[in-house]
There are 2 protein chains.
Amino acid sequence: MHKQSSPLEKLSEHKARFGLKSSNKRSFIIDYFLKADRHFTVEELYDEIKQKKPEISYSTVYRALKLLAECKLAGQCTFGDSASRYEPIHQYEHHDHLICRRCGRIIEFENDKIERLQKDVARRYGFHVSAHKLELYGMCRKCRKVQKGQRQ
Amino acid sequence: MHKQSSPLEKLSEHKARFGLKSSNKRSFIIDYFLKADRHFTVEELYDEIKQKKPEISYSTVYRALKLLAECKLAGQCTFGDSASRYEPIHQYEHHDHLICRRCGRIIEFENDKIERLQKDVARRYGFHVSAHKLELYGMCRKCRKVQKGQRQ
DNA sequence: TCAATAATGAAAATGAATTGCAATTTCATT
DNA sequence: AATGAAATTGCAATTCATTTTCATTATTGA
Ligand SMILES: [Mn+2]
Ligand SMILES: [Mn+2]
Ligand SMILES: [Zn+2]
Ligand SMILES: [Zn+2]
């Protein structure tokens, strides 16, 4: 076990390793993304950033997310939308997703029992698991209420 | 609970409902796909069918798989490859996937405990789950052996 | 200050998925 | 068997997210 580095440390380690330079635009994007802590498509993030800094282009947003993914500060999600999403990865944390197909809401959850059972399954097949994905699709509490009201 | 229909019944129900006609090409594709019982990309299936029936086009394969998906005889999988895959859906059956990132092997498994725990989680959040996806990515037994042999 | 090199924006390229359309095939009805 | 409405097919074209190219600008260490 070696000490885990903070997000910004990870980022500067990565910059050092690949000889990257810094830029205000990229910093702004990264900062916005990490603070918002949501599940953005590239386009969604671009649209929000455009409001505050219209001089930032789609390409730069795209490349910033790609960079974050490379240094494990962002994870890529594919929730059945046409476009894939990026979420901030926090230290030591793992979670899975509940996805509402009606309103798009995404809820994160953790369940140690499930995690343990997954490992059991893998062991049974001689598999070594390096990553997994558990997604529950359906309708959230709020949307179920709305739907109930609409019937009749 | 009403009686579940067999694959071919499902197909002819669907044909009746949408006024479809039958064709040798489509039948061949569907037959090949269901018998092979694997996780094909459209292109993979096309390439294999091309060997036996070169007069069948990519579009027709694509449309046959789409049709199967519509009548729930095929399911769509997204395993991180660039292209999505289709798998036959068997009656009453549900399963999740172990995916070897080295050789591409896909192993199917079922685990009732995990299924139950998923429902518990959903209930806790007021969610109604209509579908879910559990994928374990890693390295299969065979590939782990190979890798062990290669070191040193 | 000055190179060297990275970052950026705009446009083009890529590639899987999908569709438009003319030609062909199916099939119920003559 | 012939007919004709409607479905199927092949090919090319299109869509759309993603990725790359390339000319220009910004950063940084010497
Ligand atoms: Mn998440
Ligand atoms: Mn499967
Ligand atoms: Zn909802
Ligand atoms: Zn393998």
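The values are calculated or read from the model by the stated rules, or taken from the named source; none is laboratory data. Not measured: the values here are computed from a predicted model. In this analysis, Cβ positions are derived from the backbone assuming ideal geometry, glycine residues included, and neighbour counts consider all displayed protein chains. These area figures cover heavy atoms from the full protein model, side chains too; ligands, DNA and RNA do not enter into them. Shrake-Rupley method; radii C 1.70, N 1.55, O 1.52, S 1.80 Å.
Taking the label point 7 Å along Cα→Cβ, A:A83 and its counterparts in the other copies are spaced 2.6 nm apart, in ascending order. Within chain B, DSSP assigns beta bridges of which about 70% are antiparallel (rounded to the nearest 5).
If the Kirkwood radius is taken over C-alpha pairs of region A:1-90, then at 10 °C and 1.306 mPa s the Stokes-Einstein diffusion coefficient equals 117 µm²/s. Using the 1.4 Å probe convention, the accessible area of region A:51-122 works out to 57 Å² per residue with neighbouring protein chains retained.
Dividing the summed helix terms, -39500 (n - 2.57) for each DSSP H run of n ≥ 4, by the number of residues in chain A produces a 222 nm estimate of -14500 deg cm²/dmol to the nearest 500.
For region B:16-80, the list of GluC sites (Glu not before Pro) that fall in a loop by DSSP and count at most 12 other C-beta atoms within 10 angstrom reads B:E55. By the gyration tensor of its Cα atoms, with a ≥ b ≥ c the square roots of the eigenvalues, what is the shape of region A:20-152: rounded for a/c under 1.5, prolate for a/b over b/c, or oblate? Here region A:20-152 falls in the oblate category. Looking at region B:94-152, the DSSP beta bridges with both ends there are about 50 percent antiparallel. Whole Å is fine, so just give me how far the alpha carbon centre of region A:68-146 lies from that of region B:73-152. Answer, in whole Å: 13.
Among the residues of A:136-145, the average count of other protein chain beta-carbon atoms within 10 Å of the residue beta-carbon is 5. Looking at the square roots a ≥ b ≥ c of the eigenvalues of the Cα gyration tensor of region A:94-152, which shape do they give, rounded for a/c under 1.5, prolate if a/b is larger than b/c, or oblate? Prolate, since a/c reaches 1.5 and a/b exceeds b/c. Surface composition of chain B: carbon and sulfur make up 48 percent of the accessible area, probe 1.4 Å.
Counted residue by residue at 0.36 nm each, then reduced by the alpha carbon distance between them, the extension gain from B:D31 to B:E110 reaches 25.9 nm. Of the trypsin sites (Lys or Arg not before Pro) in region B:1-97, the ones in a loop by DSSP (not H, G, I, E or B) with at most 15 other beta carbons within 10 Å are B:K3, B:K21, B:R38, B:K72. Computed with a 1.4 angstrom probe on protein heavy atoms, the A-B interface buries about 3100 square angstrom of accessible area in total. Considering every alpha-carbon pair of region A:43-117, the percent of pairs per 5 Å bin, from zero through the bin containing the longest distance, is 3, 13, 19, 20, 20, 14, 6, 2, 2, 0. Within 10 Å of each candidate Cβ there may be at most 12 other Cβ atoms; applying that plus a DSSP loop requirement, which GluC sites (Glu not before Pro) in region B:83-152 survive? Hits after loop and neighbour filter: B:E93, B:E110. Subtracting the Cα-Cα distance of A:R141 and A:R63 from 0.36 nm times their residue separation leaves 24.5 nm of extension gain. Counting Cβ atoms of other protein chains within 10 Å of each residue's Cβ and taking the mean over peptide A:103-115 gives 3.
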